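The values are calculated or read from the model by the stated rules, or taken from the named source; none is laboratory data. It should be emphasised that the depicted structure is a prediction, and the values quoted were computed from it without experimental measurement. Here the Cβ positions follow ideal geometry from the backbone for every residue, glycine too, while neighbour counts run over all protein chains shown. These area figures cover heavy atoms from the full protein model, side chains too; ligands, DNA and RNA do not enter into them. Shrake-Rupley method; radii C 1.70, N 1.55, O 1.52, S 1.80 Å.
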Amino acid sequence: MRVILGGETIADTTRALRVLETSHPPAFYLPREDVAPGALVPAEGSTFCEWKGRAAYLDVVGGGVTAPRAAWWYPDPVPAFAALRDHVAVYPGRMEACLLGDERVRSQEGDFYGGWITDEIVGPFKGGPGTWGW
């Protein structure tokens, strides 16, 4: 898995965790230690996931470009998702490119969900117009 912003590879890992949620393409959480130093900057705000706990947001910086609130992580996830501690997820649509192997992923519709869509993933997915009630 690779994440590119501002022409720089800011993350490159084979240790990402794939998380599935109902009506969503998978989100990928990569170890924070596999992210380039200085690429993640704490941002204001948080949200609460009933399954994983409180999410904190991060600005993502690469190649002179800053993508505000383009990543999130769970500083203290609930026990069932303890594996997500010290991992971060990015919104692929806010990056220059996100790749799984050699395939460039497409982002999930909407501005809240961070699913990664590849050719193997088939919808429909929550996030687009008319899907909030799913």
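Using the alpha carbons alone, the radius of gyration of the stretch 1-49 stands to its Kirkwood radius in an Rg to Rh ratio of 1.01. Distances between placed amide hydrogens fall under 5 Å for L5 paired with I10, E96, all partners being 5 or more residues away or on another chain.
Would you please give the FRET efficiency between D86 and T66, computed as 1/(1 + (r/R0)^6) with r the Cβ-Cβ distance and R0 = 22 Å, to the nearest 0.05? Don't skip to the answer; put the middle values down first.
Values: r = 23 Å, r/R0 = 1.03.
Approximately 0.45, to the nearest 0.05.
Here the dipole of the chain is about 220 debye; that uses its Cα centre as origin and unit charges on the Cβ of Lys and Arg (positive) and Asp and Glu (negative).
Amide hydrogen proximity for L40: with H placed 1.01 Å from N in the peptide plane, the residues at 5 or more positions away or on another chain lying under 5 Å are V61.
With a simple spin-label model that places each label point 7 Å from the Cα along the Cα-to-Cβ direction, the separation between S46 and T131 comes to 2.8 nm. Can you tell me, using C-alpha contacts under 8 Å and at least 6 residues apart, the relative contact order of the stretch 48-134 as a whole percent? Averaging sequence separation for qualifying contacts and normalising by length gives 17 percent for the stretch 48-134.
Excluding ligands, DNA and RNA, the accessible surface per residue across the chain is 54 Å² with a 1.4 Å probe.
Largest mean-square fluctuation among E109, E50, E120, in a Gaussian network model of the chain whose springs join Cα atoms under 10 Å apart, belongs to E120.
Give me the orientation-averaged projected area of the Cα convex hull of the stretch 36-134, in nm², one decimal. Walk me through the intermediate numbers first.
Details: hull surface 30.3 nm².
Projected area, direction-averaged: 7.6 nm².
Quote to one decimal, in nm, the extra length available between T13 and R104 on full extension: 0.36 nm per residue of separation minus the C-alpha distance between them. Intermediate values should be presented prior to the final figure.
Details: separation 91, 0.36 × 91 = 32.76 nm, distance 1.51 nm.
Contour length minus Cα-Cα distance gives 31.3 nm.
Per-atom-type breakdown for the chain gives carbon and sulfur 53% of the accessible area (1.4 Å probe, protein chains only).
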